[in-house]
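Asker: So that we are looking at the same thing, I have put the structure below in structure tokens.
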Amino acid sequence: MRTQVAIIGAGPSGLLLGQLLNKAGIDAVVIERQSPDYVLGRIRAGVLEQVTIDLLDKAGVGQRMHAEGLPHGGIELLFKGARHRIDLEGLTGGKHVMVYGQTEVTRDLMEARADAGLTTIYQAGDVTLHDFDGSQPKVRYTRDGQTHEIACDFIAGCDGYHGVSRASVPEAALRTYEKVYPFGWLGVLADVPPVSHELIYANTGRGFALCSMRSATRSRYYVQVPMEEKVENWSDDAFWNELQSRLDPEAAERLVTGPSLEKSIAPLRSFVAEPMRFGRLLLAGDAAHIVPPTGAKGLNLAAADVGYLARAMQAFYGERSESALDRYSDLCLRRVWKAERFSWWFTSLTHKFPDTGAIGQKLQQAELEYLVGSRAASTAMAENYVGLPFAD
């Protein structure tokens with residue numbers, strides 16, 4: 001098989017890149033080691049920045065997002081038993097975020113790709129990348145007991161932190177940065193109405209909590225737990241009781257509980273691999289960087305990466321220019337490091353760290369009071385939360 005771009009990974013970043021390339025008349029094949037149902041079963045983020053919204057619209061898949069998504073013009077910070085609203089729209093000249101689950105984004109992209117008759121190879125085993133340091137890279141995989149090869153001009157590595165793309169890069173060519181946090185998020189998805197119409201980020205003596213949602217009838221809640229905690233130790237009742245104990249009295253009273261649809265513990269880490277281009281192999285999304293979920297930046301960073309990459313591919317095929325490809329890694333990493341900083345800061349502000357003791361929470365509360373009491377500080381937070389501009 002021959003294509004212009006071989007995309008490794010059929011998550012939202014790989015599928016969005018494929019859709020953007022198709023709109024630009026560039027041929028691409030998507031290779032995914034899992035089944036479509038497995039991909040859709042991943043429970044992930046659901047807060048979209050304006051840049052991501054715009055890219056989904058550009059890709060022609062934004063209709064259901066606009067019909068069913070929930071625009072949010074603010075968030076609430078809960079500390080010392082009281083909530084304080086950050087007016088995202090008022091502080092950023094009208095910008096907001098959209099609550100629309102990553103599963104739904106992926107479903108929309110899958111359906112658009114299928115409707116267009118574009119090639120996606122699921123359940124591809126033993127995927128290997130070859131010759132991306134030259135001008136004729138190849139991707140090999142096995143399926144139904146046979147080995148297949150795809151010749152291409154470029155390989156886009158959109159297969160996540162544990163994928164084959166970054167692992168195929170010579171170790172000497174990579175520089176990595178990592179911080180592992182000493183806790184995780186125990187998350188529950190349930191068909192219950194949200195406790196609030198906007199997200200609540202809670203800093204409490206018992207640890208962090210987040211009240212989020214996927215729709216007006218489906219909620220996603222999290223509580224901070226020790227890194228070594230096991231999900232099987234938590235019944236639904238135990239989770240709801242712990243969440244309720246971390247909310248303010250009004251929210252605790254309004255909390256509606258119900259059976260969990262999904263329950264899991266997610267570790268928190270900050271990770272960056274530099275650079276993001278290696279000849280004809282270009283990394284995007286979690287293959288190159290991970291952020292703590294506190295700032296809701298993971299999916300949005302991945303979308304920005306593929307926005308830059310699609311633009312660079314258009315310049316290469318339309319203008320025969322490699323200048324945008326040459327700038328790809330630097331452009332992405334500037335945005336990545338700003339999002340890493342914000343996610344680290346917001347995590348440090350809202351979570352209980354085991355080594356800081358009582359003084360740590362007092363300092364957090366002082367900073368939170370400054371944050372909600374200073375328009376300048378609130379503006380800086382709002383600008384980062386809604387997403388920084390898409391750089392040229």
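The values are calculated or read from the model by the stated rules, or taken from the named source; none is laboratory data. Computed from a prediction, not measured in an experiment: that's the story for all the values here. Cβ coordinates were reconstructed from backbone atoms using ideal geometry, including for glycine residues, and neighbour counts include every protein chain displayed.
Asker: If I filter the range 80-93 for residues that are closer than 30 Å to Leu56 by Cβ, charged (D, E, K, R) and touching a residue at least 60 places away in the same chain (Cβ under 8 Å), do I get at least one hit? Walk me through how you get there before you give the answer.
Answerer: The first filter runs over the range 80-93 and keeps only residues closer than 30 Å to Leu56 by Cβ, leaving 85-93.
Filter again for charged (D, E, K, R), leaving 85, 87, 89.
Subset that is touching a residue at least 60 places away in the same chain (Cβ under 8 Å): 85, 87.
Scanning the range 80-93, I find at least one residue that is closer than 30 Å to Leu56 by Cβ, charged (D, E, K, R) and touching a residue at least 60 places away in the same chain (Cβ under 8 Å), so the answer is yes.
Asker: Being modelled with pLDDT of 95 or more and more than 18 Å from the chain's Cα centre (by Cα) is the filter here, so list the residues in the range 189-200 that pass it.
Answerer: Ala190, Asp191, Val192, Pro193, Pro194, Val195, Ser196, Glu198, Ile200
Asker: Among the listed residues Lys80, Lys23, identify the single one that is within 19 Å of Asp108 (Cα to Cα) and either surrounded by fewer than 22 Cβ atoms within 10 Å (Cβ to Cβ) or acidic (Asp, Glu) (or both). Quick ask: steps written out before the conclusion?
Answerer: Working: Lys80 fails: within 19 Å of Asp108 (Cα to Cα).
So the residue among Lys80, Lys23 that is within 19 Å of Asp108 (Cα to Cα) and either surrounded by fewer than 22 Cβ atoms within 10 Å (Cβ to Cβ) or acidic (Asp, Glu) (or both) is Lys23.
Asker: Cβ-Cβ distance below 6 Å, separation of 6 or more or different chains: which pairs start in the range 304-321 with a residue that is more than 18 Å from Pro389 (Cβ to Cβ) and end on one that is hydroxyl-bearing (Ser, Thr, Tyr) and at pLDDT below 95?
Answerer: Between residues of the range 304-321 that are more than 18 Å from Pro389 (Cβ to Cβ) and residues that are hydroxyl-bearing (Ser, Thr, Tyr) and at pLDDT below 95, the close pairs are Ala315/Ser321.
Asker: Moving to a separate point now. Give just the number: which of (1) crowded, with 19+ Cβ neighbours inside 10 Å; (2) over 20 Å from Gly285 (Cβ atoms); (3) of a type in the set (Gly, Ala, Ser) does Ser245 not satisfy?
Answerer: (1)
Asker: What pairs can you find where one residue is in the range 377-392 and closer than 14 Å to Ile75 by Cβ, the other is among the hydroxyl-bearing types (Ser, Thr, Tyr) and outside any loop (DSSP other than H, G, I, E, B), and their Cβ atoms are less than 7 Å apart, with a gap of 6+ or different chains?
Answerer: Partner pairs satisfying both residue conditions: none exist.
Asker: From the set of residues in the range 35-49 that are over 14 Å from the mean Cα position of the chain (by Cα) and outside any loop (DSSP other than H, G, I, E, B), which is surrounded by the most Cβ atoms within 10 Å (Cβ to Cβ)? Please lay out each step first, then the result.
Answerer: Narrowing the range 35-49 to residues over 14 Å from the mean Cα position of the chain (by Cα): 35-41.
Checking which are outside any loop (DSSP other than H, G, I, E, B) leaves us with 36-40.
Working: Pro36: 16, Asp37: 8, Tyr38: 13, Val39: 21, Leu40: 14.
Among those residues, the one meeting the criterion is Val39.
Asker: Considering only residues that are assigned to a helix (DSSP H, G or I), over 15 Å from the mean Cα position of the chain (by Cα) and either farther than 20 Å from Asp153 by Cβ or of a type in the set (S, T, N, Q) (or both), which ones fall in the range 319-340? Break it down stepwise before answering.
Answerer: First pass over the range 319-340, keeping only residues assigned to a helix (DSSP H, G or I): 319, 323-340.
Restricting the remaining residues to those that are over 15 Å from the mean Cα position of the chain (by Cα) gives 319, 323-331, 333-334.
Ser323, Ser329, Asp330, Leu331, Leu333, Arg334, listed by residue number.
Asker: Right, something else. When residues of the range 238-267 are filtered for being among the acidic types (Asp, Glu) and either at positive phi or part of a helix (DSSP H, G or I) (or both), how many remain? If you could, list the steps in order and put the result at the bottom.
Answerer: Taking the range 238-267 and keeping what is among the acidic types (Asp, Glu), we get 242, 248, 250, 253, 262.
From the residues that got through so far, the ones that are either at positive phi or part of a helix (DSSP H, G or I) (or both) too are 242, 250, 253.
Of the residues in the range 238-267, 3 are among the acidic types (Asp, Glu) and either at positive phi or part of a helix (DSSP H, G or I) (or both).
Asker: Are there any pairs with C-beta distances below 6 angstrom linking a residue in the range 277-291 that is within 10 Å of Asp159 (Cα to Cα) and touching a residue at least 60 places away in the same chain (Cβ under 8 Å) to a residue that is of a type in the set (A, V, I, L, M) and surrounded by fewer than 24 Cβ atoms within 10 Å (Cβ to Cβ), with the two at least 6 apart or on different chains, and if so which?
Answerer: Pairs found: Ala288/Ala273.
Asker: Does any residue of the range 223-233 turn out to be closer than 18 Å to Leu189 by Cα and free of Cβ contacts under 8 Å to residues at least 24 places away in the same chain? It would help to see each step written out before you state the result.
Answerer: To start, the set of residues in the range 223-233 that are closer than 18 Å to Leu189 by Cα comprises 223-225, 230-233.
When the remaining residues are screened for being free of Cβ contacts under 8 Å to residues at least 24 places away in the same chain, the result is 232-233.
Yes, the range 223-233 contains at least one residue that is closer than 18 Å to Leu189 by Cα and free of Cβ contacts under 8 Å to residues at least 24 places away in the same chain.
Asker: When you scan the range 70-96, how many residues do you find that are farther than 18 Å from Thr350 by Cα and in contact with a helix residue (DSSP H, G or I) (Cβ under 6 Å, 6 or more places away or on another chain)? Even if it seems obvious, please write down each step before you answer.
Answerer: Step one: list which residues in the range 70-96 are farther than 18 Å from Thr350 by Cα, which gives 70-73, 87-96.
Keeping just the survivors that are in contact with a helix residue (DSSP H, G or I) (Cβ under 6 Å, 6 or more places away or on another chain) gives 73, 88, 91-92, 95-96.
Looking only at that region, the number is 6.
Asker: Assess whether Arg85 counts as being surrounded by fewer than 19 Cβ atoms within 10 Å (Cβ to Cβ) and part of a helix (DSSP H, G or I). If you could, list the steps in order and put the result at the bottom.
Answerer: Numbers: surrounded by fewer than 19 Cβ atoms within 10 Å (Cβ to Cβ): yes; part of a helix (DSSP H, G or I): no.
In short, no.
Asker: Let me ask something else about it. Tell me yes or no: at least one residue of the range 298-306 is surrounded by fewer than 20 Cβ atoms within 10 Å (Cβ to Cβ) and either of a type in the set (A, V, I, L, M, F, W, C) or touching a helix residue (DSSP H, G or I) at 6+ places or on another chain (Cβ under 9 Å) (or both). Step through it out loud before you land on a result.
Answerer: First pass over the range 298-306, keeping only residues surrounded by fewer than 20 Cβ atoms within 10 Å (Cβ to Cβ): none.
Within the range 298-306, none of the residues are surrounded by fewer than 20 Cβ atoms within 10 Å (Cβ to Cβ) and either of a type in the set (A, V, I, L, M, F, W, C) or touching a helix residue (DSSP H, G or I) at 6+ places or on another chain (Cβ under 9 Å) (or both).
Asker: Restricting to the range 157-168, give me the number of residues that are surrounded by fewer than 20 Cβ atoms within 10 Å (Cβ to Cβ) and of a type in the set (Val, Ile, Thr). Explain how you work it out, then say what you get.
Answerer: So the first thing to find is which residues in the range 157-168 are surrounded by fewer than 20 Cβ atoms within 10 Å (Cβ to Cβ), and the list is 161-162, 167-168.
Narrowing the set further to residues that are of a type in the set (Val, Ile, Thr) leaves none.
Selection size over the range 157-168: 0.
Asker: So in the range 50-72, with the set limited to residues that are in contact with a strand residue (DSSP E or B) (Cβ under 7 Å, 6 or more places away or on another chain) and free of Cβ contacts under 8 Å to residues at least 60 places away in the same chain, which one is surrounded by the fewest Cβ atoms within 10 Å (Cβ to Cβ)? Break it down into steps so the answer makes sense when it comes.
Answerer: Filtering the range 50-72 down to residues in contact with a strand residue (DSSP E or B) (Cβ under 7 Å, 6 or more places away or on another chain) leaves 53, 65, 69-72.
Those still in the list that are free of Cβ contacts under 8 Å to residues at least 60 places away in the same chain too: 53, 65, 69, 71.
Details: Ile53: 22, Met65: 19, Gly69: 22, Pro71: 13.
For the range 50-72, the residue satisfying everything is Pro71.
Asker: Now for a different question. Just to confirm my filter: which strands (runs of 3 or more DSSP E) fall fully inside the range 176-232 and include at least 2 residues that are crowded, with 19+ Cβ neighbours inside 10 Å, among the charged types (D, E, K, R) and touching a His at 6+ places or on another chain (Cβ under 8 Å)?
Answerer: Numbers: elements: 200-203, 209-213, 219-226.
Answer list for the range 176-232: none.
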